[in-house]
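In what follows, a structure is listed as structure tokens, so that the remarks can point back to it.
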Amino acid sequence: MALPIEDYALIGDRRTAALVGKNGSVDWLCLPHFDSAACLAGLLGTDDHGHWQFEPVARYDTTRRYLGASSVLETTFTTDDGVVALIDLMPRNDGRSDLVRKVIGVHGTVRMRHEWRIRLDYGLVKPWVRRMTIQGDEVITAIGGPDQFILRGPRLPVPTDHSHNDEFEISEGEELIFSMTWFPSYQVPTDLHLLPGEIEESIADDERWADRATRDVPHPDVVRRSLLTLRLMTDEVTGGIVAAPTTSLPEDFGGERNWDYRYCWLRDAALTLNSLLRAGYTEEADLWRDWLLRTLAGDPARMQVLYGVDGSRRLPETTLDHLPGYAGSRPVRIGNGAVDQVQHDVLGEVMDALGRVRQSEGHPYVDAMPLQRALVEDLARHWQEPDHGLWEIRGERRAFTYSRVMTWVAFDRAVRAMEKYDLKGPLEKWRKLRDQVRDEVLERGYDAERGTFVQHYETKDVDASLLMLPLVGFIDGDDPRMLGTIAAIEEDLIHEGLVLRYRTESGVDGLSGDEHPFLACSFWLVAAYAAAGRLDDAHALFDRLVELRNDVGLLSEEYDPVRKRMVGNFPQAFSHLALVQAAFHLADAEQRAASEAG
């Protein structure tokens, strides 16, 4: 069975990614793209659904790290007989889809076990496997449908019951390099050799990128690792940013809250962009903006909340009934039904991100304005309709307060763009709509009796998304209405010191089961504390959240503070971007406090 979620690490080539366990097993890999069918899917089933493993035969202890500020993973196995290091990476500079694994004898002599069990179409199909020679090298090929995988190495495993297995000894100073490469099944592979210095160049490329990040934030190395993780989830060709590289890691172990996150949510991508811009990365802004303009081109009324990495629109949700699911959590889903939902908040996040791009580049980027104008005009016609909200509820549509606030953001950022850059548009109309939305939220989205904003207009319940109100400029962080909202969230949504999205027992989401604290929401509370002037509370919570990362600095979607386990898809862009944003909000609040004191 799969390991605990926190026992995995991420490697990738910025076109796709793999999860590597502490036991040296690659249990999740989709090739050649993030949303391709998995060829190693043991994460959602058993080893028989596909995995690739190197581990000592004897009992061992494990330590792991990324080499420097890179995405090259080193796993060290320590046994009574010696020490072995396993280096895992997916090179980006060879133009192929490769997974490279280097086994190094560090001390003594250790007997290792090697198993390569390839399964196509999410573990469903056993491929046609054979040995052949390519340019003088003996390799193993596995072919099925459109896919071809080639295993290359100095010592190839032998076939055993639809698997390939081997045992070998490695001593101090010895190195063995194995690679698995994807090709279209119709293509005749030619050169499979790795480029000289592949590992060193991968490390150097990541470190050059990471060194550009500002360090004037709390826990700068933690922030840098989160930025590197966000970079790994950004397609370097299309510019699409995936929410996570996995599907169906459960929010409720054994339950139905299992979703496919291998797509580009406009909201998550826009917030990721804001984090990267704040950290000083502007090329990524250009890449994402171009992806956005291509993806949204056409009828603005048909804007979706999520798309494929390449901008694809059709992402039908289906279930994979042959997979038992992680920890028995079924169904396993591919595609995402939220693609057909109405979520009015999304355009607010997009308009805010485009505004930040303009600000960072210092020019109006006039070419984007016709599309923005069309999108805002469409929102002007529909903003009063109920929607599914930020949390993509599968129950009844509501007038969610956060959606209305982000509608205000959309009109506000459109007005600001026209005022600052003299861009064309119905300025007075949008000013009036901006004021109308704000007045409505303050009247209907606020419970004066309790002194708090509410989840939606027909309830007195609160929602963690309300913590974002001061962060998007809707209200001051120390406004009494915001202070009351923070107090209500502390009273209603704190579980073991961490923040729930909302109370699932209200039935608002239309799903059975429960869930755990949502890590992004806890980072929002850090930022809200900072905006309210509660700096000691903000630092204390931020420090605690940093300690929840796994041994290589990664975060999942949710966290179970009772069993101390990560929950949900992993690693999660939303959690890492919220960490980065919280760090900058803390730094800003510290600077304000110092300025006021001085």
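A 1.4 Å probe run over the protein chains yields, for the range 17-166, 34 Å² of accessible area per residue, whole-number rounding. The alpha carbon gyration tensor of the range 218-264 gives principal lengths a ≥ b ≥ c with a/c of 1.5 or higher and a/b no greater than b/c, which makes the shape oblate. Which of the three applies to the range 257-317, rounded, prolate or oblate, going by the alpha-carbon gyration tensor with a ≥ b ≥ c and a/c under 1.5 meaning rounded? Since a/c reaches 1.5 but b/c is at least a/b, the shape of the range 257-317 is classed as oblate. Counting lysine pairs in the chain whose alpha carbons fall under 27 angstrom apart, excluding pairs fewer than 8 residues apart on the same chain, gives 7. If you sort T190, T452 by accessible surface, 1.4 Å probe, largest first, the order is T190, T452.
Note on D191 and R394: their simple-model spin labels are 4.9 nm apart, each label 7 Å out from Cα toward Cβ.
Based on protein heavy atoms only, the range 200-304 ends up with 31 Å² per residue of surface accessible to a 1.4 Å probe. Relative to its Kirkwood radius, the Cα radius of gyration of the range 428-507 gives an Rg/Rh of 1.01.
Placing +1 on the Cβ of every Lys and Arg and -1 on the Cβ of every Asp and Glu, with no other charges, gives the range 81-135 a dipole of roughly 240 debye about its Cα centre.
FRET efficiency for the pair Y421 and E236, taken as 1/(1 + (r/R0)^6) with r the Cβ-Cβ distance and R0 = 22 Å, rounds to 0.15.
Comparing M418, G497, G513 along the charge dipole axis of the range 399-521, the residue lying farthest to the positive side is M418, per the Cβ-charge model.
Ordering G337, I150, L292 by Cα displacement along the dipole of the chain toward the positive end leaves L292 in first place; charges were set at the Cβ atoms of Lys, Arg (+1) and Asp, Glu (-1). In order along the range 229-234, the phi-based Karplus estimate (6.51 cos²θ - 1.76 cosθ + 1.60, θ = phi - 60°) of 3J(HN,Hα) comes to 5, 4, 4, 4, 9, 10 Hz; Gly and Pro are listed as x.
Pop out the Kirkwood hydrodynamic radius of the chain from its pairwise C-alpha distances, inverse of mean 1/r, in Å to one decimal.
25.1
Rounded to the nearest Hz, the phi-derived 3J(HN,Hα) couplings of the range 203-212 under the Karplus curve 6.51 cos²θ - 1.76 cosθ + 1.60 (θ = phi - 60°) are 5, 4, 4, 5, 5, 4, 5, 5, 5, 7, where x marks glycine and proline. Excluding ligands, DNA and RNA, the accessible surface per residue across the range 429-570 is 38 Å² with a 1.4 Å probe. Sorting the segments 207-213, 569-575 by their mean number of nearby beta carbons within 10 angstrom, highest to lowest, gives 569-575, 207-213.
At a 1.4 Å probe radius, carbon and sulfur cover how many percent of the accessible area of the range 419-524? So the carbon and sulfur contribution to the accessible surface is 44 percent.
Projecting label points 7 angstrom from Cα along Cα→Cβ for D551 and E256 puts them 3.8 nm apart.
Placing unit charges on each Cβ (+1 for Lys and Arg, -1 for Asp and Glu) gives the range 106-150 a dipole about its Cα centre, and among G136, Y122, G108 the Cα reaching farthest toward its positive end belongs to G108. Computed over the range 70-126, the range of Cα coordinates on each principal axis works out to 40, 30, 14 Å, biggest value leading. Full extension of the segment from N165 to M132, taken as 0.36 nm per residue of separation minus the current Cα-Cα distance, would add 10.1 nm. Cα convex hull, the range 474-598: 123 Å³ per residue, rounded to a whole number. For the range 405-454, the pair-distance distribution built from all alpha carbon pairs, in bins 10 Å wide starting at 0, is 26, 41, 21, 10, 1 percent.
Can you tell me what percent of all Cα-Cα pairs in the range 226-294 are more than 20 Å apart? Tail fraction, whole percent: 31. Entry note, the chain: the mean residue ellipticity at 222 nm calculated from DSSP H runs of n ≥ 4, each adding -39500 (n - 2.57), is -10500 deg cm²/dmol after division by the residues and rounding to the nearest 500. The listed peptides 540-550, 80-90, 578-588, ordered by packing as a protection proxy, come out as 578-588, 80-90, 540-550 (highest mean of other Cβ atoms within 10 Å first). This model, with +1 at the C-beta of Lys and Arg and -1 at the C-beta of Asp and Glu, gives the chain a dipole about its Cα centre of some 1120 debye.
Quick one: dipole size for the range 348-455, taken about the Cα centre, charges +1 on Lys/Arg Cβ and -1 on Asp/Glu Cβ, in debye to the nearest 20.
140
Site pair R59 and L535 shows an inter-label distance of 5.1 nm when each label is modelled 7 Å from Cα along Cα→Cβ.
Using a ≥ b ≥ c from the Cα gyration tensor of the range 186-283 (square roots of the eigenvalues), is it rounded, prolate or oblate, where a/c under 1.5 gives rounded and otherwise the larger of a/b and b/c decides, a/b for prolate? Here the range 186-283 falls in the oblate category.
Overall, the accessible surface of the range 119-249 at a probe of 1.4 angstrom is composed of carbon and sulfur to the extent of 51 percent. Ratio of Rg to Rh for the range 479-519: 1.04 [Cα atoms; Kirkwood radius as inverse mean 1/r over pairs].
The values are calculated or read from the model by the stated rules, or taken from the named source; none is laboratory data. Quick caveat, the model's predicted, so the values are computed rather than measured. Ideal geometry is used to build each Cβ from the backbone, glycine not excepted, and the neighbour counts take in all protein chains shown. Surface areas here come from the heavy atoms of the whole protein model, side chains and all, with no ligands, DNA or RNA. Shrake-Rupley method; radii C 1.70, N 1.55, O 1.52, S 1.80 Å.
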